[in-house]
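Rule-based calculations on the coordinates, nothing more; no lab input. Since this is a predicted model, take the numbers as computed values, not measurements. Note: ideal-geometry Cβ built from the backbone for every residue, glycine included; neighbour counts use all protein chains shown.
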Amino acid sequence: MKNTNEMSAPTEIELKLALAPAQLDALLRHPVLANAPQEKQILTNTYFDTPKGHLAAAKVAVRLRRIDGRVLQTVKTAGHGGGGLSSRQEWEWQVPEHTLDAIALASLPPFQSGLADAIALLRPTLSTDFIRRSWQLQWEGSHIELVFDDGEIVCGEARAPICEVELELKAGDSQALWSLAGALAGSVPLRPSDSSKAARGNALGNQQWPLPDAQHPAEWLHRATVALDAYHDSHLTEHLTAAQQALATLAKHPELDDASQAAAALLPKALDNAGMPTTAYGVAALTLAHRLAHETALR
């Protein structure tokens, strides 16, 4: 990560996948990971916002993380993408103690305009504590860090489990992320996830899970993905219904070509009544998301 003296933020490109806790053994047995060196760490994280939620509204996250005896301060901007893939700006640097470095925050672009006054009002709002297993993989000529996070989000009295895989591109071509995700999804029931831990925690705290509007196919897939994230955190059937409706709309969307329509048609059938994916769902969702991301980039 670049430090705060470098005003151009590095861009984090990652693909996030959710899975059921019961599928962890299947993931660890996958040939991609079975013989690869693994690192295991305990991460405790505190997120900050103003009492009125100015950072959440701006889709900016500020976090202090304890890891291996160090404290890291991180700022992330809103992610762009969908179908599990996102790119965002991120700054991260070490601080001497578990206290926000307000001076460094003020030097970053997100806090040099409308959020400048928010710095003095920041307070802890939620925590995410988890065990992280990580692997450094060489895949199709690219360096990808695969991490599996297992833990819990806590915001006030509300809690939600963390059970997710993140594939982060360290060097190489982002197409390798899609390829690796597809290889995993072929034997482990995974589903793309578009909600960050911070966004999930904020929704839990407010007990509100807003869904994005949709018009084009990529937007309908994103809406379905966010609705599934919301359902698994809220357990409200209205969000599962919204996901199913979004998938049904997507499957019949006139903008899809034949190959995309074939993948989209599989999705409503490959999600069970509890909102859990089959391997067919993960493969089809990733295939479709990849195609739609490419089409969107060409517009």
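Things to note:
- Dipole of the chain computed with +1 at Lys/Arg Cβ and -1 at Asp/Glu Cβ about the Cα centre; of TYR231, LEU204, LEU286, farthest Cα towards the positive end is LEU204.
- Summing charges over neighbours of ILE119, with a neighbour being any other residue whose Cβ is under 13 Å away from its Cβ, gives -2 when K and R count +1 and D and E count -1.
- Each residue of the stretch 208-216 was assigned a 3J(HN,Hα) from its phi angle through the Karplus curve 6.51 cos²θ - 1.76 cosθ + 1.60 (θ = phi - 60°); the sequence is 9, 10, x, 10, x, 5, 9, 9, 8 Hz, with glycine and proline shown as x.
- In a DSSP loop and with at most 11 other Cβ atoms within 10 Å, the GluC sites (Glu not before Pro) in the stretch 107-162 are GLU157.
- The packing ranking of peptides 239-245, 84-90, highest mean first, is 84-90, 239-245, where packing means the average number of other beta carbon atoms within 10 angstrom of each residue.
- Over the chain: Kirkwood hydrodynamic radius from C-alpha pairwise inverse distances, Å: 19.8
- Bridging of LYS170 to aspartates and glutamates at a Cα separation below 17 Å is possible for GLU12, GLU14, GLU39, GLU90, GLU92, GLU140, GLU145, once same-chain residues fewer than 8 apart are set aside.
- Cα gyration tensor shape of the stretch 21-164, rounded if a/c is under 1.5, else prolate or oblate by comparing a/b with b/c: prolate
- Shape category assigned to the stretch 58-137 from the gyration tensor of Cα positions, a/c cut at 1.5: oblate
- Over the chain: helical MRE at 222 nm, DSSP H runs n ≥ 4 each giving -39500 (n - 2.57), nearest 500: -10000 deg cm²/dmol
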